[in-house]
Amino acid sequence: MATAAPREFVRTLRPAMLQASAIAAALEGRVPNVPKPDEHTAVKAALTIADTAAQEALLVPLVKRFRDAQLEAEEDTRSVGLFGGGRVERRIVIDPIDGTFHFYLGALGPYAVMAGLADDGVYSAALVALPREGWLFEAVRGEGARRRRLPAGGSSPASVGREGNGLLLSDSVPDRVAQRLRDGGWDVALGCGGAVAVAPLVPGVRGGVRIAKSVSISTRGRIGLLIAVEAGAIVTTGGGEPFPAEIDAPADSLVVASDEEVAAAIRDALAE
């Protein structure tokens, strides 16, 4: 696969990710939840000024270079209609604030700003920011992962951490699984799906686990997995099978770990 477009995607979006993260951080705790129409649960209905402002910060720089891509954006903002030429094999997936209800408005754990470029159904470039923790992670398929400190720190190669006992769990993981992990000596905390996907790259965190709330882990929830794989993480389903690279392939659970010991501990807790 040619890497020119994925590299350009990351170069184009890097400043925008810094801006979107700054917007989210600046507005945290100061914006109301304005429910989306036609949504039946509070989680799906959650919408803030920060969501829309952060999304526009990401989309505006992409219009010039990636207008012909198919766009999957979380919110219906002004720039959404400018995308969608003829390249059905190229998709841009955006989530301006992943975890708006529980993790941004509710402050239960890390929220994320995410963007991914998929070619032929597989992510070829990805960026995930964790504004509250102060990290931006990025990767191009086959070229490793990088990280930088927010708001505008320098870049360095990223690899999974081997220290600490932290695990990030999505809010869909049953309490009994979380307790088994605590009983095993792990420090368990909640995090949005985007944070779970890059969990082993966060200092002090060794892995993450997510259970799909509906049929499958969403395309947005898989953006960070490219970064995790490029950083050397183990990425499997809860049953231990390799997690599918295709962004639309069904998968009802996700385990991301710094090494096999961590992955086995998570899978054992899920299996009991």
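The values are calculated or read from the model by the stated rules, or taken from the named source; none is laboratory data. Just so we're clear, the structure is a prediction, and the values are computed from it rather than from any experiment. Positions of Cβ are backbone-derived with ideal geometry, glycine not excepted, and every protein chain shown enters the neighbour counts. Keep in mind that these areas ignore ligands, DNA and RNA; they rest on the heavy atoms of the full protein, side chains included. Shrake-Rupley method; radii C 1.70, N 1.55, O 1.52, S 1.80 Å.
For the chain, what's the relative contact order in percent, using C-alpha pairs closer than 8 Å and at least 6 residues apart?
Dividing the mean separation by the residue count of the chain yields 15 percent.
Beta carbons within 10 angstrom, averaged per residue: use that to sort the peptides 121-128, 224-231, highest first.
Those peptides, ordered most packed to least, come out 224-231, 121-128.
Accessible area per residue, 1.4 Å probe, Å², for region 190-272: what's the number?
Ligands and nucleic acids excluded, the result is 34 Å² per residue.
In square angstrom, rounded to the nearest 10, how much accessible surface does Thr236 have for a 1.4 Å probe?
My reading of the accessible area for Thr236 is about 10 Å².
Please work out whether region 51-92 counts as rounded, prolate or oblate from its C-alpha gyration tensor, where a ≥ b ≥ c are the square roots of the eigenvalues and a/c under 1.5 means rounded, while otherwise a/b larger than b/c means prolate and anything else oblate?
prolate
Given R₀ = 35 Å, FRET efficiency for Asp76-Arg176 by Cβ-Cβ distance, to 0.05?
0.35
If DNA, RNA and ligands are ignored and the probe is 1.4 Å, what is the ranking of Asp171, Asp187, Asp76 by accessible area, most exposed first?
Values: Asp171 55, Asp187 100, Asp76 145 Å².
Largest to smallest exposure gives the sequence Asp76, Asp187, Asp171.
Using +1 at the Cβ of each Lys and Arg and -1 at the Cβ of each Asp and Glu in the chain, identify which of Ala5, Leu190, Pro15 lies farthest towards the dipole's positive end.
Most positive-ward Cα: Pro15.
For Arg162 and Arg87, compute 0.36 nm times the residue count separating them, minus their Cα-Cα distance, and round to one decimal in nm.
22.9 nm
Only helical DSSP H runs with n ≥ 4 go in: add -39500 (n - 2.57) per run for the chain, normalise by residue count and round the 222 nm mean residue ellipticity to 500 deg cm²/dmol.
On the way: 7 runs with 80 residues, N = 272.
Computed mean residue ellipticity for the chain: -9000 deg cm²/dmol.
Going by average Cβ neighbours within 10 Å, how do the peptides 189-198, 59-68, 209-218, 87-96 rank, with the highest at the top?
Ranking, from highest mean packing down: 189-198, 87-96, 209-218, 59-68.
Measuring from label point to label point, each 7 Å out along Cα→Cβ, what is the Glu246 to Leu108 span in nm?
For Glu246 paired with Leu108, the spin-label model returns 3.2 nm.
Angle check, please: helix 4-27 long axis (alpha carbons) against the longest principal axis of the chain (alpha carbons), in degrees 0 to 90, nearest 10.
Value to nearest ten degrees: 80.
Could you work out Rg/(2.2 N^0.38 Å) for region 40-151, with Rg from alpha carbons only?
On the way: Rg = 14.5 Å, N = 112, 2.2 N^0.38 = 13.2 Å.
Scaled against compact globular proteins, the figure is 1.10.
Normalised by the empirical 2.2 N^0.38 Å for globular proteins, what value does the Cα Rg of the chain take?
On the way: Rg = 17.3 Å, N = 272, 2.2 N^0.38 = 18.5 Å.
Compared with the compact-globule rule of thumb, the chain sits at 0.93.
Out of all DSSP beta bridges with both ends in the chain, state the antiparallel percent to the nearest 5.
Taking every DSSP beta bridge with both residues in the chain, the antiparallel ones total about 75 percent.
Quick one: helix 49-66 against the long Cα principal axis of the chain, what's the angle to the nearest 10°, folded into 0 to 90?
The answer is roughly 60 degrees.
Rounding to the nearest 20 debye, state how big the charge dipole of the chain is about its Cα centre with +1 on each Lys and Arg Cβ and -1 on each Asp and Glu Cβ. Don't skip to the answer; put the middle values down first.
On the way: 29 positive and 34 negative charges, 168 e Å.
About 800 debye.
How large is the accessible surface of Glu163 in square angstrom, using a 1.4 angstrom probe and rounding to the nearest 10?
Solvent-accessible area, nearest 10 Å²: 150 Å².
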